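First the structure, in the form of structure tokens, and then the observations on it.
The values are calculated or read from the model by the stated rules, or taken from the named source; none is laboratory data. Worth saying up front: this structure is predicted, and the values here are computed from it rather than measured. All Cβ positions, even for glycine, are placed from backbone atoms using ideal geometry, and neighbour counts span all protein chains on display.
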Amino acid sequence: MIRFDKQFANAPIESLGSLKEKFPMFFSKRIPDSIWIARMQSPLHQEMADEILKIFPDQTNLAATLGPLFQHIKYYFPRFRAPTTVTLINDVDYQSRVIVASDTLLLLSLDNYLGADHRYYSEIKRYIVENLKASQISSDVAKAYAQKYIAPPTKNTFLEQMIYFGKQLYLQELWLPNTSDASKIGYTDKQWQWAEDNQVDMWRYFVEKELLFSTDPGLTPRFISNAPFSKFYLELDNESSPMAGRYLGWKIVRAFMKNNDITPQQLLVFDAEALFKKSKYKPKK
């Protein structure tokens, strides 16, 4: 693990050249040195580095988080090699907080994990801020690697998207046995309980509205994308858990793996429609 966030924050201006030689991937040749020098002298950047040190003073907790995750990935996918993890500051670009840059390099932006109540996040929507905390790192990293392993959807049906994210969450389940299901999907405990309590009704809604094989792109923001809640267009919407399609896709994949002798490697490329039929998924009250 390389704490680039600390090295850059502590570096004197005259060491910029050696930093660029050591970490060329972080210094675009199109950006003049004056920009980097200004960043090194920026009080805000230094303050951000200091805030990170309060939560992540050293590598101990990060190693304790990522080490077991990498061991579990390697157990199920023996070709996997634990990457060099480089920690960064990316000015709270929360959409890029984890990047699997290559087979040997993982980029982790620690300014996105300072806690849901941190003042840096005051202008960010609450449903996003809920997951900007250190305890979410393992789930975010597992999700980033799962996306590398799973074949993307080839059809544009709602079911295909559900199964794609269901596979992703199932891999996270294998790799993070000590992490709560709520954390894996990015729910609060209350949201997870709502989904569990309303699984039957959500499934009935999808079936009765004939959504599973629909290619309506409007279903993605309603039931797949992260949002404050799912949009059933019912009075209960404000109470509902977001990403209902991902949640039910996970349940389908779980049922499939329980009812079929399939390895995780085979799961990754298994056709969504065939998987659904073989899952025999039927939620029970």
If the Cβ limit is 9 Å and pairs must be 6+ apart or interchain, which residue in segment 44-71 that is without any contact (Cβ under 8 Å) to a residue 60 or more places away in the chain pairs with which residue that is surrounded by fewer than 18 Cβ atoms within 10 Å (Cβ to Cβ) and aromatic (Phe, Trp, Tyr)? Phe70/Phe80
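Regarding Arg204, is this residue over 15 Å from Arg246 (Cα atoms) and among the basic types (Lys, Arg)? Full working, then the answer.
Numbers: over 15 Å from Arg246 (Cα atoms): yes; among the basic types (Lys, Arg): yes.
Taking the combined requirement at face value, the residue satisfies it.
Yes or no, residue by residue, for (1) touching a residue at least 60 places away in the same chain (Cβ under 8 Å); (2) within 30 Å of Phe80 (Cβ to Cβ):
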position: Val141; (1), (2): yes, yes
position: Trp175; (1), (2): yes, yes
position: Trp192; (1), (2): no, yes
position: Leu211; (1), (2): no, no
position: Arg222; (1), (2): no, no
Of the residues Thr179, Thr215, Thr188, only one is among the polar types (S, T, N, Q), touching a residue at least 24 places away in the same chain (Cβ under 8 Å), in contact with an Asp or Glu (Cβ under 8 Å, 6 or more places away or on another chain) and surrounded by fewer than 20 Cβ atoms within 10 Å (Cβ to Cβ); which? Thr188
Please indicate, with yes or no, whether at least one residue in segment 244-260 is out of contact with any helix residue (DSSP H, G or I) (no Cβ under 6 Å at 6 or more places or on another chain) and not in a helix (DSSP H, G or I). no
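Listed here are the residues, each with its yes/no results for (1) more than 17 Å from the chain's Cα centre (by Cα); (2) within 18 Å of Ala11 (Cβ to Cβ).
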| site | (1), (2) |
| --- | --- |
| Phe27 | yes, yes |
| Ala38 | yes, yes |
| Arg79 | yes, no |
| Leu114 | no, no |
| Tyr127 | no, no |
When segment 220-243 is checked residue by residue, the ones that are aromatic (Phe, Trp, Tyr) and exposed (fewer than 13 other Cβ atoms within 10 Å of the Cβ) are Tyr233
Among (1) in the same structural domain as Asn198 (by TED's automatic domain parsing); (2) in a loop (DSSP other than H, G, I, E, B); (3) more than 21 Å from the chain's Cα centre (by Cα), where does Lys285 come up short? (1)
Would segment 96-115 turn up any residue that is of a type in the set (D, E, K, R), exposed (fewer than 14 other Cβ atoms within 10 Å of the Cβ) and over 16 Å from Ala142 (Cα atoms)? no
